[in-house]
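Single-structure report; data block below.
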């Protein structure tokens, strides 16, 4: 682990925060990395929690696709429909666009009831 690597919140900490947001009257979704291929930036089991006001905590891709996942989560909050998402890029494409990560990730986005 490098000195500049982000420190990940424990899954229990994220779930406690999601509960706090729910108790404060917000709807909340959770995105979970369910499968990875290649040099994905975050391992399976990584989480991102998203509140209905756009706040989020955690990470599913170290920033590579968080914006798109937040948008999908907001749709899940509105509809209640869970989503399976896949994102991927070859290592060559990743370096060409300035991303240090390649590989693929599969996510599950669900509303927390």
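Based on alpha-carbon positions alone, could you give the equivalent ellipsoid semi-axes of the range 11-112 from the gyration tensor, as √(5λ), descending, whole Å? Walk me through the numbers before you get to the answer.
On the way: eigenvalues 131, 32, 26 Å².
Ellipsoid half-lengths, sorted descending, are 26, 13, 11 Å.
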Quiz prompt | Least to most buried among 112, 105, 49 (fewest other Cβ within 10 Å first) | solution = 112, 49, 105
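Starting with the fewest neighbours, write out 16, 42 ranked by other beta-carbon atoms found within 10 Å of each beta-carbon.
Numbers: 16 12, 42 23.
Going from sparsest to densest Cβ surroundings: 16, 42.
Counting other beta carbons within 10 Å of each residue's own, what order do 32, 76 fall into, fewest first? Write out the running numbers ahead of the final one.
On the way: 32 18, 76 21.
Placing the least packed residue first, the sequence is 32, 76.
For residue 35 and residue 82, calculate 0.36 nm times their separation in residues minus their Cα-Cα distance, and state this gained length in nm to one decimal.
Extra length available between residue 35 and residue 82 comes to 15.3 nm.
In nm, what is the difference between 0.36 nm times the number of residues separating residue 44 and residue 68 and their Cα-Cα distance?
Details: separation 24, 0.36 × 24 = 8.64 nm, distance 1.82 nm.
Taking 0.36 nm per residue and subtracting the Cα distance, the gain is 6.8 nm.
Readers should treat all values here as calculations from the given coordinates under stated rules, not as data from a laboratory. Just so you know, these numbers come straight off a predicted model, no measurement behind them. Cβ sites come from the backbone with ideal geometry, for glycine too, and all protein chains shown count toward neighbours.
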